[in-house]
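First comes the structure, then the notes that go with it.
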Amino acid sequence: MENLKHRNYKSMGPELEVRELIEMLAISRNQKLLQPGEENQVLELLIHRDGEFQELMKLALHQGKIHHEMQVLEKEVEKRDSDIQQLQKQLKEAEQILATAVYQAKEKLKSIEKARKGAISSEEIIKYAHRISASNAVCAPLTWVPGDPRRPYPTDLEMRSGLLGQMNNPSTNGVNGHLPGDALAAGRLPDVLAPQYPWQSNDMSMNMLPPNHSNDFLLEPPGHNKENEDDVEVMSTDSSSSSSDSD
Amino acid sequence: MAAAVAMETDDAGNRVRFQLELEFVQCLANPNYLNFLAQRGYFKDKAFVNYLKYLLYWKEPEYAKYLKYPQCLHMLELLQYEHFRKELVNAQCAKFIDEQQILHWQHYSRKRMRLQQALAEQQQQNNTSGK
């Protein structure tokens, strides 16, 4: 009994209090030591504590429910997150594929443009092929043997008979630019000795003139070639060559 | 009127220039001529080298179609290199190029002959197996 009076009930933990109170009540019942007023007080305290317990239990239950809901929501969030990541991956892949496709398409367009620029009619190509093969310029004549003067490039004779050669010697060359001594000495006249060599000028259209950069290289090209032709003459064994007005 | 006349003479001049340059660029296909030029020191002249560079316009299809000896274009391209120009001073170099050119020139006729031979052989085989 004394210990009951000397304690401060409220400072103890609720379980201990209740236990103590019940013990006290049990003891006081047995021993009839408590005053009725005190018994009532203890009982009221007990009821109060019980009420508080009930409240706490309800609160705990409520909190539990909320916690459960939170977990459910978190799972949802995770699921959505993974969905978003998946979409992101797919988007990236799609972008890459598209980028590749666009790049390849651009390359293709470029090559189409290039092909279009270089387009030549097949007829022209065939004509050109005819021209260069018929004159044996790129393919040897079938009867060619070493000793044949024909060559895949313009020979001395042809060079001298052309316009370049004519520029030096308008007077001394024979008719149509054939150097008589040379041609006769050779014994055979290849059929390229037409009055107008096909390799020298053609059915040239007027707008096919060479680009005029004549100021660029410090010298006049024809004059320059004149010197060459002059020296070419010196190389030859032709007796009809004359020394023209060279430097 | 004067302008038209000027244009005409200009055109005639251009025509001649075209012809000259056409002839000259094709002369470059002749390795002996190149050797000749190299020995006379023309390849050392800066103006001449510039001229060779200028002549590259013959590679365009509109101009190239007038070339009878298309090999000259390859020579022209090689001539753009200093090393090649220096090498051409040797007569052996020119001779080598000449030989290779002629052999290449005969390439197609040789190929055709081989084909004809192969065809003849095949026909012979067919005849003998037929009988």
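The values are calculated or read from the model by the stated rules, or taken from the named source; none is laboratory data. Quick caveat, the model's predicted, so the values are computed rather than measured. Cβ sites come from the backbone with ideal geometry, for glycine too, and all protein chains shown count toward neighbours. With ligands, DNA and RNA removed, areas are computed over all heavy atoms of the protein, side chains included. Shrake-Rupley method; radii C 1.70, N 1.55, O 1.52, S 1.80 Å.
Return the average number of partner chain Cβ atoms within 10 angstrom of each residue Cβ along peptide A:140-148.
Counting other chains' Cβ atoms within 10 Å and averaging over A:140-148 gives 3.
Can you tell which of B:GLN19, B:ALA118, B:LEU52 lies farthest toward the positive end of the dipole of region B:18-130, using +1 and -1 charges on the Cβ of basic and acidic side chains (Lys, Arg; Asp, Glu)?
Farthest towards the positive end: B:ALA118.
Any chance you could look up the accessible area of A:LEU87 with a 1.4 Å probe, heavy atoms only, rounded to 10 Å²?
Per-residue accessible area (A:LEU87): approximately 110 Å².
Round to the nearest 10 and report in Å² the accessible area of A:LEU46, as given by a 1.4 Å probe over the protein chains' heavy atoms.
40
Please arrange B:HIS83, A:HIS48 by accessible surface area, largest first, computed with a 1.4 Å probe and ligands excluded.
Correct descending sequence by accessible area is B:HIS83, A:HIS48.
Would you mind giving the total buried accessible surface between chains A and B, with a 1.4 Å probe and ligands, DNA and RNA left out, rounded to the nearest 100 Å²?
Values: alone 20420 and 10090 Å², together 25550 Å².
For chain A against chain B, roughly 5000 Å² becomes buried.
Taking the full set of protein chains and a 1.4 angstrom probe, give the accessible area of A:LEU142 in square angstrom, rounded to the nearest 10.
We get 120 Å² for A:LEU142.
Run the simple label-point estimate for A:LYS75 and A:HIS62 please: 7 Å along Cα→C-beta, distance reported in nm.
Inter-label distance under the simple model: 2.6 nm.
Residue separation times 0.36 nm, minus the C-alpha to C-alpha distance between A:ALA105 and A:GLN31: what's the value?
16.2 nm
Go ahead and run the numbers for FRET between A:ILE125 and B:GLN92, Cβ-Cβ distance against an R0 of 35 Å, rounding to 0.05.
Once the sixth-power term is evaluated, E becomes 0.40.
Along the Cα→Cβ direction, 7 angstrom out, place labels at B:VAL16 and A:GLN54. What is the inter-label distance in nm?
Output for this residue pair reads 13.1 nm.
Rank these by accessible area, largest first, 1.4 Å probe: B:ARG85, B:ARG110.
Solvent-accessible surface, decreasing: B:ARG110, B:ARG85.
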